Structure formats: C-alpha cells, structure tokens
Amino acid sequence: DPTFIEGRAGEIHVRGKSVGCFGEVSPEVLSNFAMARPVVAFEVHLPFDAEW
C-alpha cells in the first residue's frame with residue numbers, strides 16, 4: 001500500500017481473513033495535507049464476518 005512507509009505497516013487478520021491495515025503514513029501522502037509530523041493510521045473493515 002503506497003499510503004504507508006515500506007516496512008512500517010501491517011495487516012490485521014481475523015481467522016485468516018484480512019480485515020484491515022495499519023502503518024506509518026508516507027511522506028508523500030503527508031505532504032498532500034501539509035503535515036510535517038509523523039502520523040500513524042489504521043483502517044478496519046466493519047462489519048467483518050468473524051465467528052469468535
């Protein structure tokens with residue numbers, strides 16, 4: 001995902017299924033929003049079908 005810095009991101013899995021991602025936002029993306037400080041973001045796809 002080009003949103004995040006390579007090596008500083010991961011995927012969230014529930015029972016073997018990807019339900020989201022997280023990571024440190026890339027400088028290219030931050031520059032689009034005039035942000036100078038590091039930012040960490042995450043995304044979770046809800047609802048996801050998980051049998052606990």
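Within region 1-27, the set of residues being touching a helix residue (DSSP H, G or I) at 6+ places or on another chain (Cβ under 9 Å) and not in a loop (DSSP other than H, G, I, E, B) comprises Phe4, Ile5. Annotation note: Cβ proximity below 6 Å between a residue of region 1-14 that is over 11 Å from Ala41 (Cβ atoms) and a residue that is loosely packed, with under 13 Cβ neighbours inside 10 Å (sequence gap 6+ or interchain) occurs for Glu11/Ser18; Val14/Ala50.
Within region 28-42, identify whether any single residue is touching a helix residue (DSSP H, G or I) at 6+ places or on another chain (Cβ under 7 Å), surrounded by 13 or more Cβ atoms within 10 Å (Cβ to Cβ), in contact (Cβ under 8 Å) with a residue 24 or more places away in the chain and at negative phi, and answer yes or no. Scanning region 28-42 turns up no residue that is touching a helix residue (DSSP H, G or I) at 6+ places or on another chain (Cβ under 7 Å), surrounded by 13 or more Cβ atoms within 10 Å (Cβ to Cβ), in contact (Cβ under 8 Å) with a residue 24 or more places away in the chain and at negative phi. Condition first: modelled with pLDDT of 90 or more and touching a strand residue (DSSP E or B) at 6+ places or on another chain (Cβ under 6 Å). Can you find one or more residues in region 44-52 that meet it? Yes, region 44-52 has at least one match. Only residues that are surrounded by 14 or more Cβ atoms within 10 Å (Cβ to Cβ) and touching a residue at least 24 places away in the same chain (Cβ under 8 Å) were counted in region 15-27, giving 3.
The values are calculated or read from the model by the stated rules, or taken from the named source; none is laboratory data. Just so it is clear, the model here is predicted, and its values are computed rather than measured. Neighbour counts run over all protein chains shown; Cβ positions are idealised from the backbone, glycine included.
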